[in-house]
1. Restricting to the range 147-161, what's the tally of residues that are touching a Gly at 6+ places or on another chain (Cβ under 8 Å) and within 11 Å of the ligand (Cβ to nearest atom)?
2. Using the structure shown, decide if Val246 is without any contact (Cβ under 8 Å) to a residue 60 or more places away in the chain, over 22 Å from Leu91 (Cβ atoms) and not charged (D, E, K, R).
3. Using the structure shown, decide if Val184 is in a strand (DSSP E or B), more than 12 Å from the ligand (Cβ to nearest atom) and either touching a Gly at 6+ places or on another chain (Cβ under 9 Å) or acidic (Asp, Glu) (or both).
4. Inside the range 1-68, counting only strands (runs of 3 or more DSSP E) that do not spill past its ends, which hold 3 or more residues that are of a type outside the set (Phe, Trp, Tyr) and over 16 Å from the mean Cα position of the chain (by Cα)?
5. Output the number of residues of the range 69-83 satisfying the condition of being over 13 Å from Val130 (Cβ atoms) and buried (at least 16 other Cβ atoms within 10 Å of the Cβ).
6. As an exercise: evaluate Gly139 against (1) touching a helix residue (DSSP H, G or I) at 6+ places or on another chain (Cβ under 6 Å); (2) within 13 Å of the ligand (Cβ to nearest atom) and give the number of the one condition it does not meet.
7. Could you please let me know if Ile134 is of a type in the set (Val, Ile, Thr) and near the ligand (Cβ under 9 Å from one of its atoms)?
Amino acid sequence: MSPSTPVTATSPVAIVTGGARGIGLAIGQWFLDRGHRIALLDIDQQTLERSVAAFDRPDAVLAVHADVRDPRQVAAGVAQVVAKFGRIDKLVNNAGIAVFKPVMQTSYAEFRDVLTTNLDGAFLCTQACVPEMIKAGGGAIVNIASISGLRASTLRVAYGTSKAALLHLTKQLAVELGDVGIRVNAICPGPVETEMAKLVHSVAIRSDYHDAIPLGRYGTPEEMANTVGFLCSSDASFINGQFLAVDGGFDAAGVGLP
Ligand code: NAD
């Protein structure tokens, strides 16, 4: 589907978790621009409602207020999408949180919250969406992991562990769901200018990233969305169970994470 494909009552449907802002919102925009109806699911109701109102497309954009950590809220959210749009074709597990602390300063509650949001959330949303995707004749799932899931480092005992586990979940799902026509892939973003980066990237981390990334800059949410959109599209019809680093060459350079 090309940019500006019109949305109709039979257009494919994409759910993006954590879609109220940042990378998730850019992914939603990518799908809408290419003729999809979109459901943006997020825990932050105020930001979600503001973002959805800005689209001004009640026919094609649905706000789903839910916490990906809660199975009942996820099930209710997916039911809301099916009630409105009648089908689900694509799922992007993007909702995530980051805590950057060394092991001895990370509380067990923080560790569990990062794991539950970044890993269990993807599991629960996948379980809720797969039956609808099968009814729709197949589909695609993309998990938003991180270069922190590829490399160990200080400060990322919770975040890096959650993203590495999400990458393995991606492979498990790809193997299991291939025969029902659902492809599952992941992207590993490098640093991207969002509210999350503002929260956890200190001045020192920012400076180290700029030195370590061959392209010499942070990525943009739109660059992540372009890659997710490709992986969900028919252009990627034989790509399954793969991780794509979208990181300006950081992983290829082989230097340590700041
Ligand atoms: P962000 O903080 O701007 O957006 C994350 C969104 O997820 C927010 O709208 C938030 O409300 C939502 N969310 C958080 N917990 C939730 C929950 N329990 N249920 C539902 N929604 C929830 O962050 P971002 O930078 O746009 O990150 C998006 C994804 O990309 C995350 O998975 C993140 O780990 C990953 N990522 C980001 C970067 C980066 O540098 N920004 C790098 C690598 C990977």
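1. 4
2. no
3. yes
4. Qualifying strands (runs of 3 or more DSSP E): 61-65.
5. Let us first name the residues in the range 69-83 that are over 13 Å from Val130 (Cβ atoms), namely 69-73, 76-77, 79-81, 83.
Next, from what is left, pick out any that are buried (at least 16 other Cβ atoms within 10 Å of the Cβ): 69-70, 73, 77, 80-81.
Of the residues in that region, 6 qualify.
6. Here Gly139 meets the rest and fails (2).
7. Taking the combined requirement at face value, the residue does not satisfy it.
Residue-wise test of (1) under 18 Å from Val228 (Cα atoms); (2) at pLDDT below 95; (3) surrounded by 21 or more Cβ atoms within 10 Å (Cβ to Cβ).
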residue	(1), (2), (3)
Val99	no, no, no
Val103	no, no, no
Glu132	no, no, yes
Ala136	no, no, no
Ile144	yes, no, yes
Leu166	yes, no, yes
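The values are calculated or read from the model by the stated rules, or taken from the named source; none is laboratory data. The model shown is predicted, which means the values in this text are computed figures rather than measured ones. Here the Cβ is made from the backbone with ideal geometry for all residues, glycine too, and neighbour counts use every protein chain on show.
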